[in-house]
Amino acid sequence: MARTVKAMRAAIAAASHLDSRRRVTAPLRAVADLCCSEPAFTARMVENLAGISKATAYRTVDALTDAGLLRQEPSIKVRGQKAWVVPAVVKALDDFAERAGRRTFGS
């Protein structure tokens, strides 16, 4: 998973260089950390983790969604809030589950 965290941070840094006025900020770093610990998250989770305003949380998540790093998942709602996923992390988890195979107790 450490490789995924590094890859996510690198992708965020690369995405912020698409616009020379943007830099890697504390909210972006917080989202990168959250993305690698939670397969799905809400803007409120970003607010709480980064200690930022609701508007800043949504602005950060929207920018990463526009850059293609996050995807809003319309089928997931947490207490009525939108949820986002990181397709690369979800794929890594699915790939791991496939490699691990199904296990039963005692085998």
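Taking the 1.4 Å solvent-accessible surface of the range 45-105 as the whole, the part contributed by carbon and sulfur is 54%.
With the gyration tensor restricted to C-alpha atoms of the range 34-102, the semi-axes of the equivalent ellipsoid amount to 24, 12, 11 Å, longest first.
Placing unit charges on the Cβ atoms only, positive for Lys and Arg and negative for Asp and Glu, gives the range 24-75 a dipole magnitude near 120 debye about its Cα centre. When each of the peptides 61-72, 27-38, 88-99 is scored by the mean number of other C-beta atoms lying within 10 Å of its residues, the order from highest to lowest reads 27-38, 61-72, 88-99. Which of the aspartates and glutamates could a cross-linker span from residue 82 if the Cα-Cα distance has to be under 15 Å and same-chain partners fewer than 8 positions apart are dropped? Straight-distance partners of residue 82: 38, 47, 62, 73.
3J(HN,Hα) couplings calculated from phi for the range 70-75 with the Karplus curve 6.51 cos²θ - 1.76 cosθ + 1.60 (θ = phi - 60°) are, in sequence order, 10, 9, 6, 10, x, 7 Hz; Gly and Pro show x.
Backbone phi angles across the range 53-65, fed through the Karplus curve with coefficients 6.51, -1.76 and 1.60 (θ = phi - 60°), yield HN-Hα couplings of 6, 4, 4, 5, 4, 5, 4, 5, 5, 5, 5, 6, 5 Hz in residue order; Gly and Pro are listed as x.
The values are calculated or read from the model by the stated rules, or taken from the named source; none is laboratory data. Bear in mind the structure is a predicted one, so any value in this text is a computation, not a measurement. We place every Cβ from the backbone using ideal geometry, glycine too, and count neighbours over all the protein chains shown. These accessible areas exclude ligands, DNA and RNA; they are computed on the full protein's heavy atoms, side chains included. Shrake-Rupley method; radii C 1.70, N 1.55, O 1.52, S 1.80 Å.
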